Amino acid sequence: MRDDADVTVDGEHEAHAPPPPRPRRPNALLARLYDAPPYRDPLAWWTLAMTCLSITALGTSEQPSPLPRWLDVLLGSLVWTLLFAVFPAMVRLKVRRVRWRRAQRRRAAAPRVDGAARSTDGGSATTATTAPTTAQGPTTGAPTRQATRAATRSPSPPRQGSHDRPSESPPTPISEDAVASSPILAAARELPFPVARTVRALQAAPTAKEQYESLLEVADALSISAGAVAAAWLRSVDPAIEGLTSLRRAYDRGVTQGSWHDVLRAAAQRAVDTPDAVPGLSKVHRSARGRGSLLGNLQALVEERNRWAHGSAPRTNPEAAERLAGLLPRLEAALDQAMFLKESPWVVTRSSSYRSRERVFDVFVWWAMGDHPEFEKGRITSAAPLEDGRLYMLVCRERCVDLTPFVVQRHCEVCRSIELFHADRLPRGNATGVVLKSFGSGHAMTDDSLGDDLLGLGEQESV
Ligand SMILES: [Zn+2]
């Protein structure tokens, strides 16, 4: 039997504490000195050129020196590079920060025309930035993975945005602490682990650009987790339902966020007239208090993710802050509407024993809830026997619904630790191998034990 340490999910290195304001990791420092990606930043090229130039110049110099030649070259090129390339980059960063703060102050002082952009409770309308649609057509936000990948590699399209936002009133950028101090984000850190960990990363992200990317990751994890809950529940009540047949087909080419949204919609419709459904599942397509529905908000976030994948990522922090102003209320509304997931907690079974008098199983579990990678131990009782080391969802605190094969716990060979994976693809021509993708690290692995589960989706005998 494993002990607690086995459940640590790699890819997490921050302590379980309030998010630090500005981590000083060297790579973060470098990333902020130079624009990402570095090859688009002339100053990064200049730094490289300066290093090469100084090495060449000093290496071929004839001047006598008391130091060994290699030390001379090393120290000399270091000084040159620092002085003529890194130092200018630091000055540029300083200037940019000052300008950004000034612009923020100016905007804060200006009268709020379109209003509501800074709202952190998600209660008000978003700005014109996102122009979000809450259309719930089944194909919205479901580009194929291949298309997304291809688009990511293609040259970036012209600078985003000028055509889809009113040029006369640029949206108000988000304030620096809106993400870190959001009460909804804080509450969302009690959701199932895959969502909670991304929310924690979002709150700890030091720059607007990193916040923007983390926000898209939260939306991703939320779509998959809610979709997996919907699929698992549907399979437990109506294994032959059409929604699962569609999901089965989606696995052939790789499930997208759109596939998960379709399952979520199918489960919501089925849950309406099912008394012991996952609480809250029937409301995912209902709009609430002008904030749109969970599905509508997730679809708007997928649209933004597609823009990002198609090369329209924000290039600067001020630009990222502007986009965040429209996106954060969306995400907060979605997370708030997804809090029902907390009522059906996820557990990983450790072991169980049967109590014959009560005819129940005592099941020792880890709670896969919250943002901490080391899951808390607990105990539940179940009338049905449960397999050890498997992920279940505890519906209404009494019925265990198997999350396999949608979400599973596996040992990641890259991280050499236990991680939560979601089933991503069922490659054609391979009868049993399922491609799993880690929530935390994105690592992929093939699992031969889940193929039958996925192939049987939408069939009567699959439970
Ligand atoms: Zn891994």
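The values are calculated or read from the model by the stated rules, or taken from the named source; none is laboratory data. Just so it is clear, the model here is predicted, and its values are computed rather than measured. When we count neighbours, we look across all protein chains shown, and the Cβ atoms used for this are built from the backbone with ideal geometry, even at glycine. These area figures cover heavy atoms from the full protein model, side chains too; ligands, DNA and RNA do not enter into them. Shrake-Rupley method; radii C 1.70, N 1.55, O 1.52, S 1.80 Å.
Key figures
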{"quantity": "Rg followed by Dmax, in Å, when the stretch 34-109 is reduced to its Cα trace", "calculated": "17.8, 61"}
{"quantity": "Semi-axis lengths (Å, descending) of the ellipsoid that matches the C-alpha gyration tensor of the stretch 343-462", "calculated": "26, 19, 12"}
{"quantity": "Pairwise label distance in nanometres, R286 with Y39, each label 7 Å out on the Cα-Cβ vector", "calculated": "5.1 nm"}
{"quantity": "Simple spin-label estimate for D177 and T51 in nanometres, 7 Å along Cα-Cβ", "calculated": "3.8 nm"}
{"quantity": "Cα-based Rg of the stretch 223-313 normalised by 2.2 N^0.38 Å, two decimals", "calculated": "1.14"}
{"quantity": "Stretch gain in nm, segment C415-R355, where the contour uses 0.36 nm per residue and the Cα spacing is subtracted", "calculated": "17.8 nm"}
{"quantity": "Hits among lysines - C-alpha to C-alpha of K209 under 23 Å, sequence gap 8 or more where chains match", "calculated": "K94"}
{"quantity": "Simple spin-label estimate for W70 and L83 in nanometres, 7 Å along Cα-Cβ", "calculated": "2.5 nm"}
{"quantity": "Residues with amide H under 5 Å from that of V360, placed H, sequence gap 5 or more", "calculated": "R355"}
{"quantity": "Per residue accessible area of the stretch 343-462, 1.4 Å probe, in Å²", "calculated": "46 Å²"}
{"quantity": "Residues E343 and V91, FRET efficiency given R0 of 45 Å [Cβ-Cβ distance, rounded to 0.05]", "calculated": "0.30"}
{"quantity": "Amide H contacts of L436 (H built 1.01 Å from N, under 5 Å, at least 5 apart or other chain)", "calculated": "D424, M445, T446, D447"}
{"quantity": "R0 of 30 Å, Cβ-Cβ distance T274-E190: FRET efficiency to nearest 0.05", "calculated": "0.70"}
{"quantity": "5 Å binning of all Cα-Cα separations within the stretch 286-393, expressed as whole percents from 0 upward", "calculated": "2, 10, 14, 13, 11, 11, 11, 10, 7, 5, 3, 1, 1, 0"}
{"quantity": "Approximate shape of the stretch 169-323 as ellipsoid semi-axes (Cα gyration tensor, √5λ), whole Å, largest first", "calculated": "31, 17, 14"}
